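Undergrad: First the structure, then my questions, so here it is.
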Amino acid sequence: MPHEIDSLRSRLRFVKAPKPQGETHASVAGTVSEILAAVRSEGDSAVKRYSAAFDKVEPAAVEVSREEREAAVARLDPQTRADTEFAIANVRAFAEAQLETIMPLEIELRPGLHLGHRVIPVQRVGAYVPGGRYPLLSAPIMTIVPAKVAGCPEVIACLPPTAAEAMVAGCHLSGADRIFRIGGAQAIAAMAYGTETIPAVHKIVGPGNAYVNEAKRQVFGPVGIDQLAGPSEIYTLADETGNAEVIATDLLAQAEHDIHTRVGLITTHAPLAEAVIAEVERQLETLSTANVARVSWEAQGEVTVCASEDDMVAYSDWIAAEHLQVHTRDPKAFAARLTGYGSLFIGTKASVVYSDKCCGTNHTLPTMGAGRYTGGLWVGSYVKIATHQWLDDEGVAAVAPPASRQSASEGLEGHRRAAALRLEKPDLFR
């Protein structure tokens, strides 16, 4: 692959290249390690100490009470509540449709050899809900609603104590069983190890900052995680039919998330590349969030011209952008050629913002090239496919001889005996 991408890059023209980014500061890993160890040994007292240090808030009660939850919902602006419930309904309906595709299995593979699998919900899920620069009301919907659709008996949500009250309302409306005012790496530690107040979970989902991401990486193993998510990404693939105003608008919509957001255009049409750059600069003049979006665009913005559609497909698949828009003459046919992305937006009417907020697909997606090997969060992330088997005499007669021979050839005498016993002494198994 390195040689292939080097060859491909030699055929590309980078009209605007992203600036080289420094490595994540090594102190993040060390700080997170200290936080995890402290929470694991000290429990709630460590959680409160880090909340006071990092969030400058130490809530009187870490858990949000039922009364507080209901009050937060009651104080929601009516239109905000209606829009939140619209998003919840769409995400729930899509997750339900996805769940219908994950079926239990029972098959008699050979006479007497019965195999199968069950679809088992994860028993306790922890959803990290970021506070962030803006109150992202869609965030709890994307992590909590699919878990409840999957049948997870208990979903707990953690969000920073500084998060807007509307975020608490979003967690409640999405179906969280318990909500805690804890943010950062200390929240991940609390959910991974458990404290006097917070129960240990079996899987942690949801995006966060560099400290949250590193904490998820360090606790992974005994505790499951959804993925390691970096800053948001959007790329648009366009031919000569692309519209500069539309593309620039969509790129800046993501760029305003964070100064580290990665935004890009990959095109076969050089005039469009120049037009998009000019249009981005024009729109930044009036964008109220330009203080963030401009930094993201200047540091991470990329505009690349490809000699052919084949090169455009190959380069896009290597980038494997979190959000990938297709603005070509025949977007559905072009989209069918793509294999590397988090979520695909086919045609100019499919804006990333619709998925970010309310159309029904999940916005928790792979970044940093992970779209080459995995998809995003979905209802299947909350279930286990666990296999089982049972045999009758005919099945034993078919399986025992080759299992015995293979064990013997590997020098595993204990395995050979266990394989042969059911064939040699059937009366033990009546």
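Undergrad: Can you sort 56, 384, 357, 16 by solvent-accessible area, 1.4 Å probe, largest first?
TA: 56, 384, 357, 16
Undergrad: Please compute, over every Cα-Cα pair in segment 265-354, the percentage with a separation greater than 17 angstrom.
TA: Counting pairs separated by more than 17 Å, the tail of P(r) holds 56 percent.
Undergrad: Among 70, 302, 413, determine the one that fluctuates most according to a GNM of the chain built with springs between C-alpha atoms less than 10 Å apart.
TA: 413
Undergrad: At 1.4 Å probe radius, can you tell me the per residue accessible area of the chain in Å²?
TA: 48 Å²
Undergrad: For residue 85 and residue 285, what does the FRET efficiency come to when R0 = 22 Å and r is the distance between their Cβ atoms, rounded to the nearest 0.05?
TA: For R0 = 22 Å, the calculated efficiency reads 0.05.
Undergrad: Normalise the Debye intensity by I(0) for segment 115-167, one equal point scatterer per Cα, no solvent, then take log10 at q = 0.25 Å⁻¹ and round to two decimals.
TA: These q points yield log10 I(q)/I(0) values of -0.93.
Undergrad: If you don't mind, there's one more thing I want to ask. Among the DSSP beta bridges whose two residues both lie in the chain, what percent are antiparallel, rounded to the nearest 5?
TA: Within the chain, antiparallel bridges account for around 35 percent of the total.
Undergrad: Could you work out what % of the accessible surface of the chain is carbon and sulfur, using a 1.4 angstrom probe and leaving DNA, RNA and ligands out of the count?
TA: Answer for the chain is 54 percent, counting heavy atoms of protein chains only.
Undergrad: Now for a different question. Return the FRET efficiency for the residue pair residue 68, residue 307: r is the Cβ-Cβ distance, R0 is 41 Å, and the value is rounded to the nearest 0.05.
TA: 0.10
Undergrad: What span do the alpha-carbon atoms of the chain cover on each of the three principal axes, reported in whole Å from largest to smallest?
TA: Extents along the principal axes: 85, 60, 43 Å.
Undergrad: Right, another one. Any of 56/216; 19/332; 148/357; 148/203; 216/349; 216/384 with alpha carbons more than 25 Å apart? Name them for me.
TA: In this structure, 19/332; 216/349 lie more than 25 Å apart at Cα.
Undergrad: Please state the equivalent ellipsoid semi-axes for segment 69-155: what are the square roots of 5 times the Cα gyration tensor eigenvalues, largest first, in whole Å?
TA: One finds semi-axes of 37, 14, 10 Å for segment 69-155.
Undergrad: What figure, in Å² to the nearest 10, do you get for the accessible area of residue 318 with a 1.4 Å probe and non-protein molecules left out?
TA: 60 Å²
Undergrad: Once the Cα gyration tensor of segment 1-133 is diagonalised, what are the square roots of 5 times its eigenvalues, in whole Å and ordered largest first, as equivalent ellipsoid semi-axes?
TA: Sorted largest first and rounded, they come to 37, 34, 25 Å.
Undergrad: A further question follows. Quick one: what do you get for segment 169-266 if you divide its Cα Rg by 2.2 N^0.38 Å?
TA: 1.44
Undergrad: Please arrange 13, 416 by accessible surface area, largest first, computed with a 1.4 Å probe and ligands excluded.
TA: 13, 416
Undergrad: Sticking with this one: Send over the per residue convex hull volume for segment 112-221, Cα only, as a whole number of Å³.
TA: Spelled out: Cα convex hull of segment 112-221, divided by residues, is 114 Å³.
Undergrad: Ranked from the most accessible area to the least, with a 1.4 Å probe and all protein chains present, what is the order of 332, 19?
TA: My answer, sorted largest first, is 332, 19.
Undergrad: Something else about it: Excluding ligands and nucleic acids, what accessible area in Å² is computed for residue 358 using a 1.4 Å probe, to the nearest 10?
TA: 40 Å²
The values are calculated or read from the model by the stated rules, or taken from the named source; none is laboratory data. Being a predicted model, the structure only gives us computed values, none of them experimental. Here the Cβ is made from the backbone with ideal geometry for all residues, glycine too, and neighbour counts use every protein chain on show. With ligands, DNA and RNA removed, areas are computed over all heavy atoms of the protein, side chains included. Shrake-Rupley method; radii C 1.70, N 1.55, O 1.52, S 1.80 Å.
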